[in-house]
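The values are calculated or read from the model by the stated rules, or taken from the named source; none is laboratory data. Computed from a predicted model, the values in this text were never measured in an experiment. No Cβ is skipped: glycine too gets one built from the backbone with ideal geometry, and neighbour counts run over all protein chains shown.
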Amino acid sequence: MKTDIPDTTGTAETLDRICGVLEIYQARGGYRFGVETLLLAGFIDRPARRLVDLGTGSGVLPLVLVRFGKAERAVGVELQPALADRARRSVAHNGLDERISILEADLRRLDDLLPPASFDLVVSNPPHMPPGEGQVSPNRERALARSELSCRLDDVVAAARRLLAGGERFLTIYPAARLAEVLQACERQQLYPARLRLVHGRAELPARHFLLECRRGSRRQLQVEPPLLVYGADGGYSDEVQGYLYPGGCAGGD
């Protein structure tokens, strides 16, 4: 469900219902979150006490994870002022401002803002497109959210390592073509792979994304989970993905 918000700032907004019970502010012509964000939320297999989302965008991950019991408290870090403002207003709109805070900051410069080793879960659905590859959106907000213009893979992984306590978890989603690169970046920061799941549009298609869980300073046997199929035989979302779209069992939505 989408509700138009009057354009008083030069950027029209919508108030969109997600997961059946939450509502978020998004720019009509700017960055809008995709299903990959909810796939990452669904990949988290046990709750955290204190979570940080690097590059939180619209604030969807903190909102979903706190609202549905996968995190007690959360911080969302967002570089773009307009996105941080919308995320902050979305948190307040959903009555979660005592449990979620939105920090307008560069994830490469958090030393004076967030103490090291202060989180037991770091999540990130960061920009996926490496510099010089793909078509960069002419919309600046979308470009910064989707292409590695303001931060790169190594920046995200280094920030995750700094913020994680020993033995704790970093979870992310990236295009499948970057799997080797992401694993190498994590190993350089002593974030060791623990769980991996490939995401396919349909069973007969190559993987488009992967979901990865790493542990800081804790090597263990890698668990490769069954593939996640986004679409079912009828062309709609699979039952599993429907469960991620509506984690509370609610019907309806956008």
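Miscellaneous remarks
- Considering 90, 118, 124, the condition of being more than 21 Å from residue 34 (Cα to Cα), surrounded by 13 or more Cβ atoms within 10 Å (Cβ to Cβ), at pLDDT 95 or above and not acidic (Asp, Glu) is satisfied by 118 alone.
- The test for being closer than 30 Å to residue 224 by Cα, touching a Pro at 6+ places or on another chain (Cβ under 6 Å) and modelled with pLDDT of 95 or more holds for residue 74.
- Within the range 209-242, the set of residues being basic (Lys, Arg) and modelled with pLDDT under 95 comprises 219, 220.
- Identity of the residue in the range 54-79, assigned to a helix (DSSP H, G or I) and surrounded by fewer than 24 Cβ atoms within 10 Å (Cβ to Cβ), that ends up nearest to the chain's Cα centre (by Cα): 66
- Odd one out for residue 235 among (1) over 30 Å from residue 168 (Cβ atoms); (2) of a type outside the set (Asp, Glu); (3) outside any loop (DSSP other than H, G, I, E, B): (3)
- Test for residue 44: is it crowded, with 20+ Cβ neighbours inside 10 Å and more than 25 Å from residue 225 (Cβ to Cβ): no
- Residues in the range 52-76 that are of a type outside the set (D, E, K, R) and in contact (Cβ under 8 Å) with a residue 60 or more places away in the chain: 52, 54, 55, 57, 61, 64, 68.
- For the range 195-223, taking the residues that are over 27 Å from residue 237 (Cα atoms) and in a strand (DSSP E or B), the one that is nearest to the chain's Cα centre (by Cα) is identified as 214.
- Taken together, the criteria place residue 21 among residues that are β-branched (Val, Ile, Thr) and over 21 Å from residue 199 (Cβ atoms).
- Considering the range 164-196, and only residues there that are in contact with a strand residue (DSSP E or B) (Cβ under 7 Å, 6 or more places away or on another chain) and among the polar types (S, T, N, Q), the residue that is nearest to residue 220 (Cα to Cα) turns out to be 190.
- Residue count for the range 191-207, restricted to those that are charged (D, E, K, R) and buried (at least 16 other Cβ atoms within 10 Å of the Cβ): 2
- Taking each residue of the range 170-190 that is surrounded by fewer than 18 Cβ atoms within 10 Å (Cβ to Cβ) and looking for partners that are of a type in the set (Gly, Ala, Ser) and not in a helix (DSSP H, G or I) with beta-carbon atoms closer than 7 Å, six or more apart or interchain, yields 176/207; 190/217.
- Residue selected from the range 1-41 under the condition of a type in the set (Val, Ile, Thr) and modelled with pLDDT of 90 or more, by the criterion surrounded by the most Cβ atoms within 10 Å (Cβ to Cβ): 24
- Residue among 111, 85, 97 that is part of a helix (DSSP H, G or I) and free of Cβ contacts under 8 Å to residues at least 60 places away in the same chain: 85
- In a residue-by-residue description of the range 141-157, the property of being assigned to a strand (DSSP E or B) and at pLDDT below 90 applies to at least one position.
- Flag for residue 240 being without any contact (Cβ under 8 Å) to a residue 12 or more places away in the chain, in a helix (DSSP H, G or I) and among the acidic types (Asp, Glu): no
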